[in-house]
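The values are calculated or read from the model by the stated rules, or taken from the named source; none is laboratory data. On a predicted model such as this, the values are computed, not experimentally measured, just so you know. Ideal geometry is used to build each Cβ from the backbone, glycine not excepted, and the neighbour counts take in all protein chains shown. Just the protein is used for accessible areas: all its heavy atoms, side chains included, with ligands, DNA and RNA removed. Shrake-Rupley method; radii C 1.70, N 1.55, O 1.52, S 1.80 Å.
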Amino acid sequence: MAQDISSPCAETWNGVMERVSTAMSESSSIHSDRFHSLSKEFSEMGLDLRHRRLEDPTFYPEQRAEMSVMEQSADDIKLPVVNNFMDPDRERDCEAKRLYFADGKRKVDYVLVYNYRRRTSSRGSPGLHRLSIISNGSFPAGLGAKDVEEAGKADQEEVVVDVGPLDPAEGEKRMVREEFEASLLEAGLEIERDKEHKLHGHAFIRLHAPWAVLSREAEFLKIKVPTKKSYDLKEEKGFAGTMSAVWRKLNQPFQPNVPHLQDQSRTKFLSHCFSRDKLHLYNIQSKDTFFDNATRSRIVHEILRRTACTRTCQTMGITTLIAKGIYESAFPLHDGDCKGPAKGEERNDRQILHDEWARYGAFFKHQPIDLIRKYFGEKIGLYFAWLGVYTQLLIPASIVGITVFFYGCATVDTNVPSMEMCDEMQNFTMCPLCDGACDFWHLSTACGTARASYLFDNPATVFFSIFMSLWVVTFLEQWKRRQISLNHSWDLTGMEEEEEHPRPKYETILLQKRQRQKKKKTKKKNKSEIGVEKLTWKDRTPGYFINISSILLMFGVTFSAVFGVIIYRITVSALMAMSPDPGTKSNVRVTVTATAVIINLVVILILDEIYGAVAVWLTELEIPKTETNFEERLILKAFLLKFMNAYAPIFYVAFFKGRFAGRPGDYVYVFNDYRMEECAPGGCLIELCIQLSIIMLGKQLIQNNIFEIGIPKLKKLYRTLKEKDRAPEPSENEGPQSKGPQQWNLDYDLERFEGLTPEYMEMIIQFGFVSLFVASFPLAPLFALLNNVIEIRLDAKKFVTELRRPVAVRAKDIGIWFNILSGMGKFSVIINAFVISFTSDFIPRLMYQYMYSDTGTMHGFIDHTLSYFNVTNFKTGSSPIATQYGHEVTVCRYKDYREPPWASESYQFSKQYWSILAARLAFVILFQNLVMFLGVLVAWVIPDVPKNISEQLKKEKTLLVDVFMREEKEKLHLIQSLFSKDPPVQALAHAHAGAQLPNLPRPLQQTPLRPGDLSVTTSALPRPRPRAASFSQFTRQPSMSPKNEAAKHTAV
């Protein structure tokens, strides 16, 4: 009877053991549904898997030995992960091991993070939870019985066992992850995963790309790599060479201390697209270090981006999986800690960037642009290179602006109009500034305003405006030259546009459309419909409609905010004018202007944040197909909204304030009670200067610096507190791994990289302040320069220490930002022309001196600009209620060009008004055409491609042709030497039948000669290698068969 029972039991046990062996060979995790089914079958049979024994007394010794082998294998698999990196023998090189797999050899190229939740727990031995296969089934050697015994004792505590998903959504996510990771294994990547110790938390999956994958993908992506062939850059001779050497000597203290890049400054290696057929051309000293970390991560990211999950969720790429919550994030690792290494150790790239670039103490040094590109990729490298060129060219603009300002300070005491305004003997009695409560006043009380206005509104201002317009053209031309130089040194010349994958939302909406079309097709079987390949304009029409209406609404909000500030200025001015305190009355204009500008600044900062979120939402509604399309549309919307928000108050002061106020006796009123505000006696330019300076400095100080420093730190603090509160108490079986965080844990705690759009937007808005209204504020370039010196180090510190490492993205230029800069440069010419002609008094002063002055000087200019008004013509209630001048005032003055009350056409515009208006319009046309012509001349004088770069491109092309021609000649000579003497065919066939020919190329070795062959002809020569595999060849389309399902979980 015992034999009858034991025999079926033995057969069942053998079958189960075979399934365990199959499951153990798979790339599995503790979550695997196969292990759940195995555990249930063990319990139904009376097998206690936790203690590795049979409850039935009939237990064969062979089966017991087989189980002991399986137990040892499972322990060998799991133990290196429990003692992952904090083994006492490895603490000396812990810093380096944090970037590698458990074997300490394979580098971690990418990290995937997902959230998991477990349901129940049970107590037992480590046997159950050690069924996790790690690192594609590779078993680290060197683990003895003592190690196994110690690890077994450490794991005798509570063990968390996954008995099933918490809900169907979690189970579906798990299935998608399993399929995705199996596809990554098929693509050649190697995977290492963490043990899930807690009830819930974050799990990290580490990816490594071996040489076969790197070389295949590098050839597919056409990545250029340096060859063995190099040449020395041509050195200048004579006087130019001497000056160049002197300049390098003087510039040496400002160069960053980057060891590897300095050694290769005068040597250029030829670059060529990587090819597995030409490995002999490259200087491959080590396959592990031939591709740098940024290139390795970019290759892995490309694989992640194109890997499909067709069986479970019909999606493609890691971006879609992150959007659907399958994974929480994916990122490459930083190169270790950013702090300095110990004595005698070499600094990694991150530490060099931190010491030589991301410190405020290094503000006087040039940026290590080549190292930035090597570490972060070409796109981020181009941003910092552009920011560096922009900041450097702000130095001459700042010098000229300071010169103009000091010129105004030096000549203010000799300025005749200011002297006339400050002269109390002139006794210009001005009309009241408000109705009823305001009294007449003397023009001499505005002496301080007039003198301050001259500091920014003097003859040198016109020269400065022309200079800044040419400066914009020079800056753009200089950046084009710099960009081409970087393209050459970074091997970006001839770079082709890479294929982009659709965005997750685009895929989702396209899938929904296909499903709708499929339902319609089933209803109408007679009509054959073509499958939906892309979204059309009809699908985007609702989004376009919402975009247009929302942008118009945002414009209305901006104008409403500006109008609200205008109402504030009018009402506060009237209320302060009614005050009985004489000190309050005298400071009305200064107080109202300062408070109104501060309110404007606060509104601008608030609306900036709102408009940024609105721009993202509106762009999502358009359903762009690719990330490039999404980014370009987002940039245009964000720039349009933020441009209007930042410059609307400035445009009002520059071109609208005081233009529609009316005249005494016929003022324009708001809400029938409040009079429209007028410009100060010295003109609106001083108010424009105050408005521009406060908004510019406020945005730079608060938004660009305080927000960039404070908000990331607050987010990090909030995330840390949130994780600390939610994290359950870890069990003791977590082992030594919990003693210290790994690099992927440290990088996960950093802020996610959101793109360069906010960084560019800050600088573009600042560029507008520097170029558009620079005629009213010559010190704008100086404040921009001081801000950018801090901004570069602030951004550098953020990228090196506070952000996760972004994927290295290739880019040839700064994209649409250059078009925006070019457009703003042309727009600045028009704006500055109108500011000089209409906002300042430059044209009226010029016209008076050369047309209306009897002496040809500026004496009498103030009297010429003031018109007369008869106080008896005031409307009822608008004249002063109480006046200190009594009844002696019969005529008051106001600033305008109108006919006097005794003229036949009283209070109408005079001939001087129309003459000055014509002169202003003529100046705008002349200024615009002159500056445009000079700009074209500067662009023509400065070539886009530097001469040395053009010569190097020609030389490199010639050298590459020589290299390949020499290689072809060597191949031809080798082939001719091999087949110059042909032995008899029969003897050759008998001598080498079934064997490989040692000296022939591989294709000839694989096909041995047969006696029937007459001769070895050139048709048997090595065939050319086929072109790189297409995108679809690397994206496997799995079927639904069980055989294919098992193959997908096989470890590499």
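General remarks:
- One quarter of the surface of the convex hull around the alpha-carbon atoms of region 312-423 equals 15.5 nm², the direction-averaged projected area.
- Probe 1.4 Å, accessible area per residue of region 283-422, Å²: 39 Å²
- Here the Karplus curve 6.51 cos²θ - 1.76 cosθ + 1.60, taken at θ = phi - 60°, turns the phi angles of region 492-506 into couplings of 9, 5, x, 6, 8, 5, 7, 5, 9, 8, x, 6, x, 5, 4 Hz, with x standing for Gly and Pro.
- For region 557-698, the solvent-accessible area with a 1.4 angstrom probe is 42 square angstrom per residue.
- Long pairs among Lys324/Lys513; Lys324/Lys379; Lys224/Lys278, criterion Cα-Cα beyond 23 Å: Lys324/Lys379
- Distance from region 785-857 to region 451-500 (C-alpha centre basis), Å: 10 Å
- Calculation over all alpha carbon pairs of region 364-410 in 5 angstrom steps from 0 returns a P(r) of 5, 20, 19, 14, 11, 9, 9, 6, 4, 2, 0 percent.
- Ellipsoid fit via the Cα gyration tensor, region 786-913: semi-axes of 56, 23, 15 Å, each the root of five times an eigenvalue, largest first.
- Once the mean of 1/r is taken over each pair of separate Cα atoms and inverted, region 825-974 shows a Kirkwood hydrodynamic radius of 21.9 Å.
- Remark: the Cα gyration tensor places region 443-602 in the oblate category, a/c being 1.5 or greater and a/b not exceeding b/c.
- Positive-end residue of Ser453, Trp537, Phe555, charge dipole of region 435-561 with Cβ unit charges: Trp537
- Shown in residue order for region 664-670 are the 3J(HN,Hα) couplings computed by the Karplus curve 6.51 cos²θ - 1.76 cosθ + 1.60 at θ = phi - 60°: x, x, 8, 7, 8, 10, 10 Hz (x for Gly and Pro).
- Loop sites in region 640-704: chymotrypsin sites (Phe, Trp or Tyr not before Pro), DSSP, at most 11 other Cβ within 10 Å: Phe660, Phe671
- Among 550-557, 251-258, the order from most to least packed when residues are scored by Cβ within 10 Å on average: 550-557, 251-258
- Region 590-710, Cα convex hull volume normalised per residue, Å³: 146 Å³
- In region 760-839, trypsin sites (Lys or Arg not before Pro) in a DSSP loop with at most 11 other beta-carbon atoms within 10 Å: none
- Cα gyration tensor shape of region 814-871, rounded if a/c is under 1.5, else prolate or oblate by comparing a/b with b/c: prolate
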